[in-house]
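Notes to accompany the following structure.
The values are calculated or read from the model by the stated rules, or taken from the named source; none is laboratory data. In this text, all values refer to a predicted model and were calculated from it rather than measured experimentally. Cβ atoms come from the backbone with ideal geometry, glycine included; neighbour counts cover every protein chain shown. Calculation scope for accessible area: heavy atoms of the full protein, side chains included, ligands and nucleic acids excluded. Shrake-Rupley method; radii C 1.70, N 1.55, O 1.52, S 1.80 Å.
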Amino acid sequence: MKKQKTKKKNRNHDFPNVAVPGPRYEWRADVVRWYNRWLRDEQNHIEDEPAFTLFVRESCPPGPLDPLPGYWRYLPEEFSSVRLYMTSAHELATSLPGTLAQVYQGTPYRASTGTAATDPSLIWWGELLNNMAPLDNDSLVYDYRLTDALEVVGLVNVSLAINSDAANISFWFARLEDYDPATGAVTMVTGASLNSAQRDSSTDPTSMAPHSNYTLSFYLHWTAYAFKAGHHLRIALTNSLYHVNVPSPFQFDMKLLVN
């Protein structure tokens with residue numbers, strides 16, 4: 001019988017020593033040390049080592065890479081937070097002058113968003129997606145040009161002031177991306193979504209009053225990523241992203257209050 005070849009895929013659920021993409025990490029030696037310390041009372045001082053080690057992915061072009069560029073580091077003892085505001089110029093600003101008028105920006109709802117932008121089989125949080133630039137053409141995008149390198153570790157919180165004519169189900173997707181102005185390529189960093197009916201509770205959903213203002217706040221999936229100086233940190237917003245979620249059956253317009 002002829003042996004069939006199998007193609008390696010990017011996987012999120014492998015053990016660290018066989019993970020694709022790399023870098024891979026031999027974790028079993030640490031497990032043995034941990035059991036020896038606490039079950040055999042072996043004084044190997046594993047409890048004195050940092051409790052959390054992470055791999056920070058460095059800015060890289062979109063698409064599958066193996067291994068990923070980056071570096072290992074311990075969890076920082078202190079974090080600093082940066083608040084950025086979405087503006088009518090489609091920028092992310094560290095502050096807003098009081099003279100800016102608040103305006104609505106939006107796009108029509110497209111249930112098919114995501115099906116043509118990249119290989120549909122790869123659109124999933126945590127995968128190494130292809131160039132997100134085609135998908136950004138159907139999104140509301142807001143950029144922050146980095147004059148210095150920036151390391152993002154942890155959870156990114158997105159708060160959206162919205163006005164929607166949808167009373168029932170409307171999804172809001174936010175993606176954190178790395179835009180390289182030299183090539184035009186857009187690399188997916190992380191993202192998440194929120195059903196507006198679950199804006200206050202995931203177990204007790206409530207409808208929205210049409211044409212009323214609401215604030216949606218949610219965290220993107222945990223990430224560790226180092227942006228290059230000169231690149232743009234980008235937030236991209238849509239109301240659909242197949243096949244992460246089944247699209248809403250209700251037609252509505254996305255309206256985002258900026259400034």
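Some values worked out for this structure:
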quantity	calculated
Fluctuation leader among V158, V82, V189 - the chain, Gaussian network, Cα springs under 10 angstrom	V82
Helix-derived mean residue ellipticity, 222 nm - over the chain, DSSP H n ≥ 4, -39500 (n - 2.57), to 500	-1500 deg cm²/dmol
HN-Hα J in Hz across the range 224-229 - Karplus 6.51, -1.76, 1.60, θ = phi - 60°, x for Gly and Pro	9, 8, 10, 7, 7, 4
FRET efficiency for F52 and A89, using Cβ-Cβ distance with R0 set to 22 Å, rounded to 0.05	0.05
Solvent exposure of the range 15-57 as accessible area per residue, Å², 1.4 Å probe	72 Å²
Sites E26 and W124, calculated FRET efficiency, Cβ-Cβ separation with R0 30 Å, nearest 0.05	0.65
Equivalent ellipsoid dimensions for the chain as semi-axes, Å, which come from the Cα gyration tensor, largest first	36, 23, 20
Antiparallel DSSP beta bridges within the chain, as percent of all bridges there, nearest 5	95 percent
Label-point gap, in nm, between S212 and N137 - each point 7 angstrom along Cα→Cβ	3.8 nm
